[in-house]
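The values are calculated or read from the model by the stated rules, or taken from the named source; none is laboratory data. Note that the coordinates shown come from a computational prediction; the quantities given were computed from them, not determined experimentally. When we count neighbours, we look across all protein chains shown, and the Cβ atoms used for this are built from the backbone with ideal geometry, even at glycine.
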Amino acid sequence: MAFLGVFVFAGVGGESVGLEVNSNNFYQDTNLADGWIYSANLDNDFVDKVNNLSSTTQCERQLVIDSVGNFSNDPDITLHFVENNTISKFYLLEGEELNISDADGVWIDKSFADAKDLNVGDNISFTFNGITVEKEIKGIGYSPEYVYHASTASVIPDFNKIGFAYMSYKAFPMDNVPYNVLNVKFDGNAGDYDSLLSDKLAGDYNSFVEKAEHSSVSQFSEEMDQHKMMSGIFPVVFILIAMLILLTTMTRIISHQRTQIGILKANGFTNTSIIFHYVSYGFWLVLIGSILGLIIGPLTLPQLFYPSMSATYKLPSWQPVWSMDFVYVAVLMVIMSLIVSYLAVRSISNENPADTIRPKSPKVSSSGFVEKIGVWKRLSFNARWNYRDAKRNKFRALMTVIGVMGCSALLVCAFGMYDGMNDLKEWEYSQINHYDSKLVIDEDAITSEINDVAEDVNGDKIMESAIEIEAGNIKKSGSLLVLNDTDLITPTDYDWNKIKIANDEVSISQKMADLLDVGVGDTVKFHIMGSDKWVNVTINKIHADPISQGFVMSTDKLDDLGLNYTPTSIVTEKHVDSNYSAIKSTSSMKDMTASWDELTESMWLLIYILIFFASLLAIVVLYNLGLLSFTEIEREIATLKVLGFKTGALRRLLLTQNLWFTAIGFVLGLPVGYYILKIMWESSGDSFYILPSISITNFILTAIITFALSIFVNLLFSRKIKKLDMVESLKGVE
Amino acid sequence: MSTLIEFKDVVKEYKSGDNVLRAMDNVSFTIDEGEFVVILGPSGAGKSTLLNLLGGLDSATNGQIIVDGEHVENFDDNELTEYRANNVGFIFQFYNLIPNLTAVENVELMKDIVDVDIDGCAVLKSVGLENHANQFPAQLSGGEQQRVSIARAVAKQPTMLLCDEPTGALDSKTGVLILNLLQEMSNDKNTTVIIVTHNAILAEAADKVIRIKNGQIEDISINVNPKKVEDLDW
């Protein structure tokens, strides 16, 4: 049990600490920028100005430009023409280091290279702004700015369609490189730097993005938060239960050794040596279990998660990392067992040997309230026996209930996660979005081109923008969805009922409203990322969306607010295969659900692991306690058997108690599981909004699993009952 | 009186590894209905083995055990359980009451295994414990506990009462009371009572005495005029 507890704790902990340490190392090794300043034209003058700011420690320009790779599926490749590459360095895996004087080489993304089967030495060409460049691949690797990299069309990356490439500024086909991003490193916090910039350099640049807001960094840190949360809840539940079980086991093992202790004492052993003997006995067991857990946990469990995570995130190293916390927990476990065994032995060894040498006299049962009411008379022997047995062994009863409670809570949680993920998919991709294809409009496309495409595919134009919303002192980034009358995207409330947002209304998503602590009638301000024009809006409605948090409004309303309507996508019922020059990329509903499924793969795994461990937990708890109680009542069982009770009747006797406790534990476990699930969903990141719920089927499944385990454990005992030696059990002293 | 129990050349062997221990060697005897039988023997003579075979706790290696016309030696586990439930009322040296149940509940427990309606209070009254019906075993003295155990055994109206050193854990005064009770059961209610003991004094009170030694019958004697237990010279 000590092993299992420490195993899960250290395993899941190692996974999440591993993520953090690996990503931090990666960020540090590659000198990830602290912030990015975006501007149409970053001349030397501006660079000087930034360098002159007191807190700037380092800065470096690059041109970041979207291009299309010359492959049959027109993948989006983001090109970086770098001036120096000392900040946010390219992390090389194969080939040679990025060479700033090399005008012919390109350093590309490992995931993209793998997807396209590209190797060092191959040639690759890109087209941007009508210019096509062809370069030789000199190196393949990762970039700290692209741990998470997905297109605007879907949150889930498809490395066949998206990639990035680094080149020297010398590789740019023109002499004057129109740098548009300034990577900066600075001292102090980002907020201060932001204000410093807007103070000193207002007007000279478009926007500033700090590290925490960078899409790759923030996505990955959200993912880490999720894992941290999970490693926070589940292992702790396990550790607690493991400790409880350890407690009961140690106490009982020692009380079973009672007569032995008596004999030792009678033979003249000192209390100290007896205590030492029994305490060290438990100590070694727990110590070995804990150490094994410490070693095996981090080695095995993370390996279950990392493969599916590495499908989404690009990190050079996926190593579980060991943290001192695990050792503390293990040490705590060992100390607990020491204390418990010490207390248990002491209570026995303090008695005088004459008493100790005999078994402890049974606890006296007493009649209570229940016996006085009329029903008692009508209860069967089975019910009476079990009631009194439970009453006499309150501690054991409590432990069993807690064990089952833990099991059913974990099961509810696991199935709740399963349902939540499925609900989310159904909600987002069937209830809200009904289109078949989404065509992402090229930023350079002109209105008439866009309208032509829209007409051609019989689609509706929409605008999706990243925005920043501020209410009171809270600032959150979110998204803005601008819709004209369309049946293809229908916002809903949290019950999946479609809601109508009128032309002059603004609706905020439930999660965003919760995050900002605002409601209908409140006024908040926001700006579109990339522009510093803040506008005030009053909230008219609240809608709910599982994966996108922010505002929904009409084009009219956007106009009213004085913002430009620039459609970013066209959605259509038709399945679109053809290419349009105004369209950057097309993704079908099928692609999106498929990539969603891929993203949730690691989730499924977690769910299976949860179910497995929850079941294991229930079995261990029930068997352990069952075994201990069985040895205690062996004599009674033997008597009943001698008297003529059939094995089946005796099994039912034990089963009844198990089932009662299971039922109580199950009922208590439901709210606990629900609560854990709620915490989990709430902590799943700012952009997710999932309501904790569990479907009837899975609820029934939870019940079935819990009770099946209880019955299964009981079956293990029926063999014991059958083999019970009646004659032996009846001998001995009373 | 008709024959209730018949042992015919019963052999019981225990195997442990290569060693075969013959605990019961060609034992034959009969017990009649309503008899008060004492089985005597020093420890290790095979008393317990005999009791186990008679009580259906163990199966014989060879020979026949016929109880009430049925061949017990052919019974499987389930039939043995059934046999114990219906035919044998056990009284143990250490009472073996169920600590979780009150005296009356311990008696009425039998309702679960036999098809007899039992009035626990009435049965307890017959052993003189009507005032302790709602007490738990731990609250009763040894003699009282043994009386509950007798009540439990007779409540189901078994073919025989099988008593394993019933006074072994009691002081002599209480022991006499218990044995007296058992003798009365036999005399007044025509219950077959079989007592296994090493206490030779009891022999004088028995209708039939079966002495065993080294797994064999040493002697079977019949007292034409058995003494009353209370008249024995303790």
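Quick check on region A:488-516: of everything there that is outside any strand (DSSP E or B) and of a type in the set (S, T, N, Q), which residue is farthest from A:Pro567 (Cα to Cα)? Per the stated criteria, the residue is A:Asn497.
In this structure, does A:Ser531 turn out to be in a loop (DSSP other than H, G, I, E, B), of a type in the set (S, T, N, Q) and either modelled with pLDDT of 90 or more or surrounded by 17 or more Cβ atoms within 10 Å (Cβ to Cβ) (or both)?
Working: in a loop (DSSP other than H, G, I, E, B): yes; of a type in the set (S, T, N, Q): yes; either modelled with pLDDT of 90 or more or surrounded by 17 or more Cβ atoms within 10 Å (Cβ to Cβ) (or both): no.
It is false that A:Ser531 is in a loop (DSSP other than H, G, I, E, B), of a type in the set (S, T, N, Q) and either modelled with pLDDT of 90 or more or surrounded by 17 or more Cβ atoms within 10 Å (Cβ to Cβ) (or both).
The condition of being more than 12 Å from chain A (Cβ to nearest Cβ) and either surrounded by fewer than 21 Cβ atoms within 10 Å (Cβ to Cβ) or among the aromatic types (Phe, Trp, Tyr) (or both) holds for B:Asn187. Just one residue in the set A:Lys438, A:Lys476 is more than 25 Å from the chain's Cα centre (by Cα), among the charged types (D, E, K, R) and in the same structural domain as A:Asp545 (by TED's automatic domain parsing); that residue is A:Lys438. Which numbered condition in (1) touching a residue at least 12 places away in the same chain (Cβ under 8 Å); (2) surrounded by fewer than 17 Cβ atoms within 10 Å (Cβ to Cβ) is the only one that A:Ala165 fails? Here A:Ala165 meets the rest and fails (2).
Of everything listed in (1) out of contact with any His (no Cβ under 9 Å at 6 or more places or on another chain); (2) surrounded by fewer than 17 Cβ atoms within 10 Å (Cβ to Cβ), the single unmet condition for A:Ser215 is (1). Of the strands (runs of 3 or more DSSP E) contained entirely in region A:19-106, those carrying at least 2 residues that are farther than 25 Å from A:Met529 by Cβ fall at A:56-69, A:91-95. For region A:109-130, the candidate set comprises residues that are under 30 Å from the mean Cα position of the chain (by Cα), at pLDDT 85 or above and of a type in the set (A, V, I, L, M, F, W, C); within that set, the residue that is nearest to A:Ser67 (Cα to Cα) is A:Phe112. The single condition from (1) crowded, with 21+ Cβ neighbours inside 10 Å; (2) of a type outside the set (A, V, I, L, M); (3) within 13 Å of another protein chain (Cβ to nearest Cβ) that A:Glu632 fails is (1). In region A:644-679, the qualifying residues are those that are in a helix (DSSP H, G or I) and in contact with a Lys or Arg (Cβ under 7 Å, 6 or more places away or on another chain), and the one that is farthest from the other protein chains (Cβ to nearest Cβ) is A:Leu650. Apart from one condition, A:Asp194 fits all of (1) assigned by TED's automatic domain parsing to the domain that holds A:Val120; (2) in a helix (DSSP H, G or I); (3) in contact with a helix residue (DSSP H, G or I) (Cβ under 8 Å, 6 or more places away or on another chain); the exception is (3).
Taken over region A:258-271, the criterion of being more than 49 Å from the chain's Cα centre (by Cα) and part of a helix (DSSP H, G or I) is satisfied by A:Thr259, A:Gln260, A:Ile261, A:Gly262, A:Ile263, A:Leu264, A:Lys265, A:Ala266, A:Asn271. So A:Lys720 ticks every box in (1) away from chain B (no Cβ under 14 Å); (2) in contact with a helix residue (DSSP H, G or I) (Cβ under 6 Å, 6 or more places away or on another chain); (3) of a type in the set (Lys, Arg) but one. Which box is left unticked? Evaluating A:Lys720 over (1) away from chain B (no Cβ under 14 Å); (2) in contact with a helix residue (DSSP H, G or I) (Cβ under 6 Å, 6 or more places away or on another chain); (3) of a type in the set (Lys, Arg) leaves (2) as the failure.
Here is the figure for region A:534-556: residues that are without any contact (Cβ under 8 Å) to a residue 60 or more places away in the chain, in a loop (DSSP other than H, G, I, E, B) and buried (at least 19 other Cβ atoms within 10 Å of the Cβ) total 1. Condition first: closer than 23 Å to B:Pro226 by Cβ, in a loop (DSSP other than H, G, I, E, B) and modelled with pLDDT of 85 or more. Can you find one or more residues in region B:23-33 that meet it? Yes, region B:23-33 has at least one match. Is it the case, given these coordinates, that A:Val713 is within 27 Å of B:Gly89 (Cβ to Cβ), more than 28 Å from the chain's Cα centre (by Cα) and not aromatic (Phe, Trp, Tyr)? No: the conditions fail for A:Val713.
Considered as a group, the residues in region B:133-143 that are closer than 19 Å to B:Leu170 by Cα and not hydroxyl-bearing (Ser, Thr, Tyr) include one that is farthest from the other protein chains (Cβ to nearest Cβ), and that residue is B:Gly143. A:Ser323 - would you say it is buried (at least 16 other Cβ atoms within 10 Å of the Cβ), within 29 Å of A:Tyr91 (Cβ to Cβ) and at pLDDT 75 or above? Judged against the criteria, A:Ser323 is a match.
Before we move on, is B:Asp207 away from every other protein chain (no Cβ under 14 Å) and closer than 22 Å to B:Thr81 by Cβ? The answer is no for B:Asp207.
When residues of region A:278-294 are filtered for being out of contact with any helix residue (DSSP H, G or I) (no Cβ under 6 Å at 6 or more places or on another chain) and either surrounded by 15 or more Cβ atoms within 10 Å (Cβ to Cβ) or among the acidic types (Asp, Glu) (or both), how many remain?
Summing the residues that are out of contact with any helix residue (DSSP H, G or I) (no Cβ under 6 Å at 6 or more places or on another chain) and either surrounded by 15 or more Cβ atoms within 10 Å (Cβ to Cβ) or among the acidic types (Asp, Glu) (or both) in region A:278-294 gives 3.
Which condition does A:Lys500 not pass, out of (1) surrounded by fewer than 17 Cβ atoms within 10 Å (Cβ to Cβ); (2) at negative phi; (3) in contact (Cβ under 8 Å) with a residue 12 or more places away in the chain, if it passes all the others? Of (1) surrounded by fewer than 17 Cβ atoms within 10 Å (Cβ to Cβ); (2) at negative phi; (3) in contact (Cβ under 8 Å) with a residue 12 or more places away in the chain, only one is false for A:Lys500: (3).
Inspect all residues belonging to region A:200-209 and state whether any of them is more than 34 Å from the chain's Cα centre (by Cα) and free of Cβ contacts under 8 Å to residues at least 12 places away in the same chain. Scanning region A:200-209, I find at least one residue that is more than 34 Å from the chain's Cα centre (by Cα) and free of Cβ contacts under 8 Å to residues at least 12 places away in the same chain, so the answer is yes.
For region A:41-100, a tally of residues being touching a Gly at 6+ places or on another chain (Cβ under 6 Å), surrounded by 18 or more Cβ atoms within 10 Å (Cβ to Cβ) and among the charged types (D, E, K, R) returns 0. Consider B:Pro137 carefully, then state whether it is crowded, with 22+ Cβ neighbours inside 10 Å and under 20 Å from B:Gly55 (Cα atoms). Spelling it out, it is not the case that B:Pro137 is crowded, with 22+ Cβ neighbours inside 10 Å and under 20 Å from B:Gly55 (Cα atoms).
Residues in region B:73-124 that are more than 7 Å from every other protein chain (Cβ to nearest Cβ), among the hydrophobic types (A, V, I, L, M, F, W, C) and touching a Gly at 6+ places or on another chain (Cβ under 6 Å): B:Leu80, B:Val88, B:Val104, B:Val107. Of all the listed residues (B:Val148, B:Val176), the sole one being among the aliphatic types (A, V, I, L, M), within 14 Å of another protein chain (Cβ to nearest Cβ) and closer than 29 Å to B:Thr49 by Cα is B:Val148.
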